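The values are calculated or read from the model by the stated rules, or taken from the named source; none is laboratory data. Predicted, not measured: the structure shown is a model, and the values here were computed from it. Positions of Cβ are backbone-derived with ideal geometry, glycine not excepted, and every protein chain shown enters the neighbour counts.
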Amino acid sequence: MSPLAVEPLPEYELPPVIEVVIGAQFAPIAGFLPTHLGLFWQEIRREYPAVEVAAPLAPVVERTNFRSATELSQVEVAAVPPLPRMFFIDATSTWLLQLQPDRFLQNWRRSSGDQQYPRFPAVRQRFLSSWSRLFEFCGHQELAPPEVNQLEVTYINHIEAGEGWQPAVGVSEVFRDFRWDSNARFLPVPEAIAWKASFALPRDHGRLHVSVRQAVRRTDDAPVLLCELTARGMPLDRQTEAIAAWIDLAREWIVRGFTDITTDVVQRKHWKRKA
């Protein structure tokens, strides 16, 4: 691991994060029926009174011994349509759970512009608590407990125009590895940029995937740089302690990775870096 890992994690008073997700993927639970989605909601309805239906997520598995950074599982033609993914949403639309027969995710998302990020320990605790409740639910329903085959942590950041950049120019003022040399060339300054990279986590624990692209925010049509960092992988041990430790490792790589790809100027001027 890098010598920098012994240093305290960078902290920001005004981080640009708008959503954090912690999730687990597992083998489809045998005997899991549509009714179980409703029964689980009944157990958490006081905390998550609203519900939405979405298409299920496709399974994704990181294989560190393959050249391809991310491999999708084979697509199978099922005799019956797949069960949906359910969103269970709290009264503030800030916290939500996602559940499908092979995936469980806890989200925090910013629902208003002035809302403060509750910090990662709060999201982590919510996930571990909700994860325990899913195990209890499976026990009550005489279902096999989830057998985890993949964990993931995602941070989604919106960097607004004016935070060190303007559309089509100045992206290098935010992301230190971006530079467009416009001198003596045919192509003009690009209208938009998109960049992806992946990095191996230590001890074959998975990968960190980073993407940056220009986007338009849905709520107000404002231009933003959308920076998404996802750590995906699996510890050797599937016990709760090992899962919690992997989540901490993923968070560390996301925070240090974000700090590594962005400039010191924007960190201190706009996000108020403290450490």
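Mind listing just one residue for me: the one in the range 71-104 that is assigned to a strand (DSSP E or B) and charged (D, E, K, R) and, of those, modelled with the lowest pLDDT?
Per the criteria, the residue is Glu71.
Quick one: would you say Asp264 is acidic (Asp, Glu), modelled with pLDDT of 90 or more, surrounded by 13 or more Cβ atoms within 10 Å (Cβ to Cβ) and under 16 Å from Glu11 (Cα atoms)?
Taking the combined requirement at face value, the residue does not satisfy it.
Scan the range 4-37 for residues that are over 30 Å from Phe258 (Cα atoms) and either touching a Gly at 6+ places or on another chain (Cβ under 9 Å) or loosely packed, with under 12 Cβ neighbours inside 10 Å (or both) and report the count.
3
Only one residue in Asn157, Asn149, Asn107 is farther than 30 Å from Pro28 by Cα, at pLDDT 90 or above, among the polar types (S, T, N, Q) and not in a helix (DSSP H, G or I), so which one is that? Working first, answer last.
Numbers: Asn149 fails: farther than 30 Å from Pro28 by Cα; Asn107 fails: farther than 30 Å from Pro28 by Cα.
Being farther than 30 Å from Pro28 by Cα, at pLDDT 90 or above, among the polar types (S, T, N, Q) and not in a helix (DSSP H, G or I) holds for just one of Asn157, Asn149, Asn107, which is Asn157.
Mind listing just one residue for me: the one in the range 208-259 that is of a type in the set (Lys, Arg) and surrounded by fewer than 20 Cβ atoms within 10 Å (Cβ to Cβ) and, of those, modelled with the highest pLDDT?
Only one residue tops the list, namely Arg256.
Can you pull out every residue in the range 132-141 that is under 14 Å from Ile29 (Cβ atoms), touching a residue at least 40 places away in the same chain (Cβ under 8 Å) and assigned to a helix (DSSP H, G or I)?
The answer is Leu134, Phe137, Cys138.
Is there any pair with a first residue in the range 105-119 that is free of Cβ contacts under 8 Å to residues at least 24 places away in the same chain and a second that is small (Gly, Ala, Ser) whose Cβ atoms are under 6 Å apart and which are 6 or more apart or on different chains, and what are they?
So the pair list comes out as Ser111/Ser93.
So which residues in the range 151-167 are in contact (Cβ under 8 Å) with a residue 40 or more places away in the chain and either in contact with a helix residue (DSSP H, G or I) (Cβ under 6 Å, 6 or more places away or on another chain) or on the phi > 0 side of the Ramachandran plot (or both)? Explain how you work it out, then say what you get.
So the first thing to find is which residues in the range 151-167 are in contact (Cβ under 8 Å) with a residue 40 or more places away in the chain, and the list is 151-161, 163-165, 167.
Within the range 151-167, Leu151, Val153, Tyr155, Gly164, Trp165 meet the criteria.
With the requirement that a residue be among the charged types (D, E, K, R) and farther than 30 Å from Gly257 by Cα, what does the range 138-162 give you? Break it down stepwise before answering.
Step one: of the range 138-162, the residues among the charged types (D, E, K, R) are 142, 147, 152, 160.
Listed by number, the list holds a single entry, Glu142.
Go through the range 11-52 residue by residue and tally those that are among the aliphatic types (A, V, I, L, M), farther than 29 Å from Ile159 by Cα and touching a strand residue (DSSP E or B) at 6+ places or on another chain (Cβ under 7 Å).
5
Answer yes if at least one residue in the range 233-252 is more than 21 Å from Val148 (Cβ to Cβ) and either in contact (Cβ under 8 Å) with a residue 60 or more places away in the chain or in contact with a His (Cβ under 6 Å, 6 or more places away or on another chain) (or both), and no otherwise.
no
Give the residues of the range 164-191 that are crowded, with 18+ Cβ neighbours inside 10 Å and not hydrophobic (A, V, I, L, M, F, W, C), sorted by residue number.
Residue satisfying the conditions is Gly164 alone.
Examine the range 184-204 for a residue that is closer than 27 Å to Lys272 by Cα, among the aliphatic types (A, V, I, L, M) and modelled with pLDDT of 95 or more, and state whether such a residue exists.
So far as the range 184-204 goes, yes, one or more of its residues are closer than 27 Å to Lys272 by Cα, among the aliphatic types (A, V, I, L, M) and modelled with pLDDT of 95 or more.
Among residues belonging to the range 227-275 that are in contact with a Pro (Cβ under 7 Å, 6 or more places away or on another chain) and of a type in the set (Gly, Ala, Ser), point out the one that is nearest to Glu7 (Cα to Cα).
The selected residue is Ala275.
Does at least one position in the range 177-186 carry a residue that is without any contact (Cβ under 8 Å) to a residue 40 or more places away in the chain and within 30 Å of Leu249 (Cα to Cα)?
yes
Which residue pairs have Cβ atoms closer than 6 Å, lie 6 or more positions apart in sequence or on different chains, and pair a first residue in the range 22-39 that is under 22 Å from Met234 (Cα atoms) and in a strand (DSSP E or B) with a second residue that is at pLDDT 95 or above and basic (Lys, Arg)?
Final answer for the pair search is Gln25/Arg103.
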